[in-house]
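Undergrad: Below is one structure. I have some questions about it.
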Amino acid sequence: MKPEAVIFDMDDVLCRYDLGRRLRALSRLTGKTPRDIRAAIWDSGFEDAADSGGYPDPDHYLIEFGRRIGHDLSRADWVAARRESMQPWPDMLALAARVGEQARIAIFTNNGPLTKAALSDLFPEVTAVFKEQYYSFEFDTKKPDPASYTRLMERMGLDPQRCWFIDDKRSNVTGARIAGIAGHHFRSREQLLPELQGLGFTL
């Protein structure tokens, strides 16, 4: 049976996300080393906490981001560094658009409030395709916690068994399956395409 909805992860499914490149961009903006920035934001658990709803206000998140790295970062600079780390994949966006002609499509990404607030600047190509975008911080937990998918289904008003989920992390696909959503561990468009066709999509 063709799914009623197909839900896509964003980073490393619809675009290439390069954390190292983001760290280097932040280093140029702040004068801090990439290693120190990573330790303050990612290794410390701050970004995980933000992705899980710990900083639901984008301005509060940005202030705390700057405090932790020891540099007052403007929203424009934060956005520029994040955007520099993202390389859109036109072939995947085109595939998603084709799926969207035949089913409801949405993004579900592990990200915090500033990514949501700035997505049209960060990744305008994706906002042109996806009208529905959901972020882990909105559900007070993140993938692969099965509760995040259950809350997503409630928000979307969908039956998990009528949905299909695509993510580049195997653990996230496993979490979706525990919540009752069939899924695909994304590695390439070439491997995804026949699975979508097998579900009844014309591509």
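The values are calculated or read from the model by the stated rules, or taken from the named source; none is laboratory data. Fair warning: this is a prediction, and the values are worked out from it, not measured in the lab. Heads up, the Cβs are rebuilt from the backbone with ideal geometry, glycines too, and the neighbour counts pull from every protein chain shown. Heads up: the accessible areas ignore ligands, DNA and RNA and are worked out on the full protein's heavy atoms, side chains in. Shrake-Rupley method; radii C 1.70, N 1.55, O 1.52, S 1.80 Å.
Undergrad: Assign unit charges at the C-beta atoms only (+1 for Lys and Arg, -1 for Asp and Glu), then state the dipole size of the chain relative to its Cα centre in Debye, rounded to the nearest 20.
TA: With only Lys, Arg, Asp and Glu charged at Cβ, the dipole is about 340 debye.
Undergrad: Additional query: If R0 is 25 Å, what FRET efficiency do you get for Arg83 and Lys131 from their C-beta distance, rounded to 0.05?
TA: Working: r = 21 Å, r/R0 = 0.84.
About 0.75, to the nearest 0.05.
Undergrad: Work out from phi, with θ = phi - 60° and the Karplus expression 6.51 cos²θ - 1.76 cosθ + 1.60, the ³J(HN,Hα) of each residue of the stretch 24-38, listed in order in whole Hz, and give x for Gly and Pro.
TA: 5, 5, 5, 4, 5, 6, 10, x, 8, 7, x, 5, 5, 5, 4
Undergrad: Taking Cα atoms, how many degrees apart are the long axis of helix 58-69 and the longest axis of the chain, rounded to 10 and kept between 0 and 90?
TA: Rounded to the nearest ten degrees, it is 50.
Undergrad: Run through every distinct alpha carbon pair of the chain and return the Kirkwood hydrodynamic radius in angstroms, one decimal place.
TA: 17.5 Å
Undergrad: Another question, then. Taking +1 at the Cβ of each Lys and Arg and -1 at the Cβ of each Asp and Glu, which of Ser27, Val13, Ser44 sits farthest along the dipole of the stretch 1-68 towards its positive end, judged by Cα position relative to the Cα centre?
TA: Ser27
Undergrad: Ser85: net charge of surrounding residues, Cβ under 12 Å, Lys/Arg +1, Asp/Glu -1, itself excluded?
TA: Around Ser85, the charge tally is +2.
Undergrad: Same structure, new question: Starting from the Cα of Leu203, step 7 Å toward the Cβ, then list every residue of the stretch 92-125 with an amide N under 19 Å from that point.
TA: Only 92-108 pass the distance filter.
Undergrad: Given only helices, namely DSSP H runs of n ≥ 4 each adding -39500 (n - 2.57), what is the per-residue ellipticity at 222 nm of the chain, to the nearest 500 deg cm²/dmol?
TA: -14500 deg cm²/dmol
Undergrad: Something else about it: How large is the dipole of the stretch 127-179 about the Cα centre if only Lys and Arg carry +1 and Asp and Glu carry -1, each at its Cβ, rounded to the nearest 20 debye? Please list the in-between numbers first.
TA: On the way: 9 positive and 8 negative charges, 29 e Å.
So the magnitude is around 140 debye.
Undergrad: Continuing with the same structure: In whole percent, and with a 1.4 Å probe on the protein chains, what portion of the accessible area of the chain is carbon and sulfur?
TA: Summing carbon and sulfur atoms, their accessible area is 47 percent of the total for the chain.
Undergrad: While we're here: Considering the options Gly54, Ser148, Ala81, tell which one lies farthest towards the positive end of the dipole of the chain, charges being +1 on Lys and Arg and -1 on Asp and Glu at the Cβ, about the Cα centre.
TA: Ala81
Undergrad: If r is the Cβ-Cβ distance from Thr33 to Ala94 and R0 is 35 Å, what FRET efficiency results, to the nearest 0.05?
TA: On the way: r = 39 Å, r/R0 = 1.11.
After rounding, the FRET efficiency stands at 0.35.
Undergrad: Next question, about the same structure. At 1.4 Å probe radius, can you tell me the per residue accessible area of the stretch 111-200 in Å²?
TA: On a per-residue basis, 44 Å².
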